[in-house]
Amino acid sequence: MPGRTAVLKWGALLSLLLFILLLGGCRRQEESQNDAEEILVGFAQIGSESGWRIGNTRDMEEAAVRNGVRLMMEDANQKQENEIRALRSFIAYNVDVITFVPIVEDGWTNVLQEAKQAGIPVILSDRLVSEDVDPDLYSAYIGADFTQEGRNAGTFLLKKAEEMEGETLGIVELTGTKDSSPAIQREIGFHEVIDGNARFVMLDQMSGDFLRSKGRECMEQLIERYGDQIDILYSHNDAMTYGAIEAMEAVGIVPGRDIVIISVDGEQEAIDLLREGKINCVVECTPMLGDLVFDIAKRLAAGETVPKMTSPKEAVFTEYDDLSDLPPRGY
Ligand code: GZL
């Protein structure tokens, strides 16, 4: 019966079509629910002053995707006023959570109070605000223990000094961005370990602002001023170290031999220079904070209580280590 067969065929086709439409509808509803669950995080990044910072930005972007978080990122181009403007735009946009890198420790109270009044939790990412800021104004800090990084640098120097000649050893220090928590704390930690040791003579400190170009300028001036009195360079980040090495090599100083170099961050380029013997110690400061930040952000958005301070575990790489199995650094 051809008519009956045709009806059965059309019926089957129609049922299949209905099933497909129903399935698509459920997926869309599920996605919309997921979208509804996807939180929106406003992130104010300070700029791109170093390979470390560029790695940190890349990691935050990739971690947002990994963690199913919508990211609204603003770049402050190294200016605090741009960061504050970005935070105010996140508040106006009513994001679910704000995270930012305080470029310096002070000047945040007003905008943090505005975020609090708006009921938007704030996560400090990478750097800290001053202890004078009411800690109730932010929900969490995710970043390194910079004082420990400074201690790690000092501890390496105590060991290295045992094999160095000379009654006294002259130290110059390239410090990071003035009034930033990494610069403040890396200095404190290092001097906690070496101050009081009569063998070490602190010749001078200059701020290279975490920049390669300024690291070179500062080292040129220090070499000009102190010459072969300089036995040790302690540099608060790898970017300034690369600039300092350029300044040394320009006048025939052999980095890692004529001047012992201790650097902080752990960028791939620094590890390569460590392997070449041009740097003697690289203290790790990981920029890979994104997964920690967005895990805490999702918990805050869900109304959970979270740890106030979370610091990643960090290593120290020295000339005494076998680095052959060290995986690529990723920044
Ligand atoms: C440290 C970070 C510092 C890096 C520098 O967590 O804030 O800023 O050490 C970067 O390379 O510029």
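If you take the residues of segment 37-51 that are among the hydrophobic types (A, V, I, L, M, F, W, C) and within 17 Å of LEU124 (Cα to Cα), which of them is nearest to the chain's Cα centre (by Cα)? Talk me through it step by step, then tell me what you get.
First, the residues of segment 37-51 that are among the hydrophobic types (A, V, I, L, M, F, W, C): 39-41, 43-44, 46.
Going one step further and asking which of them are within 17 Å of LEU124 (Cα to Cα), we end up with 40-41, 43-44, 46.
Details: LEU40: 21, VAL41: 17, PHE43: 13, ALA44: 13, ILE46: 10 Å.
Among residues in segment 37-51 that are among the hydrophobic types (A, V, I, L, M, F, W, C) and within 17 Å of LEU124 (Cα to Cα), the one nearest to the chain's Cα centre (by Cα) is ILE46.
Run PRO182 past the list (1) away from the ligand (no atom under 16 Å from the Cβ); (2) open to solvent by less than 10 Å² (accessible area, probe 1.4 Å) and report the number of the one that doesn't hold.
That leaves (1) as the condition not met.
Considering each residue of segment 191-201, count those that are open to solvent by 60 Å² or more (accessible area, probe 1.4 Å) and closer than 14 Å to GLY150 by Cβ, and give that number.
2
Can you name every residue in segment 272-300 that is in contact with a strand residue (DSSP E or B) (Cβ under 7 Å, 6 or more places away or on another chain) and open to solvent by 50 Å² or more (accessible area, probe 1.4 Å)?
LYS278, LEU292
Residues THR99, THR155: which one is within 28 Å of SER263 (Cβ to Cβ) and within 16 Å of the ligand (Cβ to nearest atom)?
Values: THR155 fails: within 16 Å of the ligand (Cβ to nearest atom).
Going through THR99, THR155 in turn, just one is within 28 Å of SER263 (Cβ to Cβ) and within 16 Å of the ligand (Cβ to nearest atom): THR99.
Here's a check for you: in segment 127-152, which residue that is touching a Cys at 6+ places or on another chain (Cβ under 9 Å) and not small (Gly, Ala, Ser) is nearest to the ligand (Cβ to nearest atom)?
Per the criteria, the residue is PHE146.
Take the residues of segment 218-245 that are buried (at least 16 other Cβ atoms within 10 Å of the Cβ) and acidic (Asp, Glu): which is farthest from the ligand (Cβ to nearest atom)?
Ranking the qualifying residues of segment 218-245, first place goes to ASP231.
Of a type in the set (Phe, Trp, Tyr), touching a strand residue (DSSP E or B) at 6+ places or on another chain (Cβ under 9 Å) and open to solvent by less than 10 Å² (accessible area, probe 1.4 Å) - does that describe any residue in segment 91-99? Explain how you work it out, then say what you get.
Taking segment 91-99 as the starting set, the residues that turn out to be of a type in the set (Phe, Trp, Tyr) are 93.
Cutting the leftovers down to touching a strand residue (DSSP E or B) at 6+ places or on another chain (Cβ under 9 Å) gives us 93.
Filter once more, so that each one left must be open to solvent by less than 10 Å² (accessible area, probe 1.4 Å): none.
No.
Within segment 53-77, track down each residue that is within 14 Å of the ligand (Cβ to nearest atom), open to solvent by 10 Å² or more (accessible area, probe 1.4 Å) and in contact with a strand residue (DSSP E or B) (Cβ under 7 Å, 6 or more places away or on another chain).
Result: THR57, ASP75.
Quick check, is ILE188 among the aliphatic types (A, V, I, L, M) and either free of Cβ contacts under 8 Å to residues at least 24 places away in the same chain or crowded, with 17+ Cβ neighbours inside 10 Å (or both)?
Details: among the aliphatic types (A, V, I, L, M): yes; either free of Cβ contacts under 8 Å to residues at least 24 places away in the same chain or crowded, with 17+ Cβ neighbours inside 10 Å (or both): no.
For ILE188, the condition - among the aliphatic types (A, V, I, L, M) and either free of Cβ contacts under 8 Å to residues at least 24 places away in the same chain or crowded, with 17+ Cβ neighbours inside 10 Å (or both) - is not met.
Can you work out which of the residues in segment 108-162 that are open to solvent by 20 Å² or more (accessible area, probe 1.4 Å) and of a type in the set (Asp, Glu) is farthest from HIS191 (Cα to Cα)?
The selected residue is GLU114.
Quick grid of which residues meet (1) over 18 Å from ILE142 (Cα atoms); (2) in the same structural domain as GLU269 (by TED's automatic domain parsing); (3) out of contact with any helix residue (DSSP H, G or I) (no Cβ under 6 Å at 6 or more places or on another chain):
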{"residue": "VAL41", "(1), (2), (3)": "no, no, no"}
{"residue": "ILE54", "(1), (2), (3)": "no, no, yes"}
{"residue": "MET60", "(1), (2), (3)": "no, no, no"}
{"residue": "ALA63", "(1), (2), (3)": "no, no, no"}
{"residue": "ASP75", "(1), (2), (3)": "yes, no, yes"}
{"residue": "GLN80", "(1), (2), (3)": "yes, no, yes"}
{"residue": "ILE98", "(1), (2), (3)": "no, no, no"}
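Counting just the residues of segment 246-271 that are over 23 Å from PRO312 (Cα atoms), part of a helix (DSSP H, G or I) and open to solvent by 10 Å² or more (accessible area, probe 1.4 Å), which one comes out nearest to the ligand (Cβ to nearest atom)?
Of the residues in segment 246-271, the ones over 23 Å from PRO312 (Cα atoms) are 246-261.
Those left that are additionally part of a helix (DSSP H, G or I): 246-250.
With the extra rule that they be open to solvent by 10 Å² or more (accessible area, probe 1.4 Å), the set shrinks to 246, 249-250.
On the way: GLU246: 17, GLU249: 21, ALA250: 23 Å.
Among those residues, the one meeting the criterion is GLU246.
The values are calculated or read from the model by the stated rules, or taken from the named source; none is laboratory data. Model, not experiment: these values are computed from the prediction. No Cβ is skipped: glycine too gets one built from the backbone with ideal geometry, and neighbour counts run over all protein chains shown. Calculation scope for accessible area: heavy atoms of the full protein, side chains included, ligands and nucleic acids excluded. Shrake-Rupley method; radii C 1.70, N 1.55, O 1.52, S 1.80 Å.
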